[in-house]
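Data block below; observations after.
Just so it is clear, none of the values below were taken in a lab; they were calculated from the coordinates. Remember, it's a predicted structure, so these values are computed and weren't measured experimentally. All Cβ positions, even for glycine, are placed from backbone atoms using ideal geometry, and neighbour counts span all protein chains on display.
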Amino acid sequence: MATNPNPKRISTAMWDRLIVPCCNLTTTVAMKDEQAGVWVRQPGSHADATWLLANRPNDYSLQGPKQRVFTPEQGRYGRAWDWGFPSAWSGDWSQIGIYSLRIKAAWETNDPRTYMLFEVLCQTPEDRQPEGYVFYPVKKFRVPDRSHETHMHIGVLTVYCNDPVAMADLFSLLSGEPLATWRARRNSLEDDMAPLLFFAKLAGNDTVHLVDNFMTNRWVTGAGFPVLKQALTSNGLGTTIWEWPNDAAHKELLGVNLDRLDDDPAPLLATLTADQLLELGLRIREGVPSLEQIRAVVDEEATSPEELAQVANPGA
């Protein structure tokens, strides 16, 4: 496998799971002519989000929480790859067109393998005008400049730029793997790959109602309350979702076996500061179950002020 030329700015996930496999699809072309660049500090997705947020906070590639809210690790990488097609230099768009048409079809059909994409600027073989398919924060079409006649600009969301599963899913789409095949493969791995989710809702002046993805209800009070309350109020929704990757490294960090329902990580989560939550990879997101489903579960229990007081002060 070709060596990552800049591992400090090009994530291992993007290099190993997306760039190298994509370049291997076109075996007649030298990789140096295909790998047209990832990281550069300029407006747009090629810049690392940390630098961009500090220097160009209103940049178009920082729209939405999946672009603006990130861990320090996510914030240091380039978030776009330019895939070059030398055959297009002479006006032959047949090769770039193969992959551009797959992106077009995915954009039109809401293919689930596009969840990590911000935008793709490319060239279909149908006409000479490059196409721009925007996936986030609002799905739309735009017309990019003519340089995209010869290369695809693949911009990913900041929160996925170092996610190996997301990069592998994107390669699945670009490589032409049938959606049904991808679904079957992902479903077989779902139990191992599924993150642990925690849902929290402000339930009183000094109590937070916390629900995990097993829909196990619990209450958080005491020292952990300020951290949770800050997260709940800052998102303006009254409900916060934390996503914790369900892998061996994060299980060790958390200090509990997440495969067992009776192990309760809530006390540890409640003691973490906001900075610690970010550093350890916990992130706020809207996920599955939906916010409406979460609210339904939390709101099922009609908790009176007296019951809240009893939970907050069990000895009273």
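Determine the relative contact order of the range 12-188: mean sequence separation of Cα pairs under 8 Å and six or more apart, normalised by residue count, in whole percent.
On the way: 316 pairs, mean separation 46.6, N = 177.
Reported relative contact order: 26 percent.
Calculate, in nm to one decimal, what MET31 and PHE141 gain on full extension: separation in residues at 0.36 nm each, minus their alpha carbon distance.
Stretched fully, the MET31-PHE141 segment lengthens by 36.6 nm.
Where does each of 92-98, 135-141, 115-121 land if you order them by average Cβ count within 10 Å, highest first?
For the peptides 92-98, 135-141, 115-121, the packing ranking is 115-121, 92-98, 135-141.
Which pairs in the list LYS32/LYS66; LYS66/LYS139; LYS66/LYS140; LYS66/LYS104 are over 19 Å apart, alpha-carbon to alpha-carbon? Don't skip to the end; give the middle numbers.
Values: LYS32/LYS66 31 Å; LYS66/LYS139 14 Å; LYS66/LYS140 17 Å; LYS66/LYS104 22 Å.
Among LYS32/LYS66; LYS66/LYS139; LYS66/LYS140; LYS66/LYS104, the Cα-Cα distance tops 19 Å for LYS32/LYS66; LYS66/LYS104.
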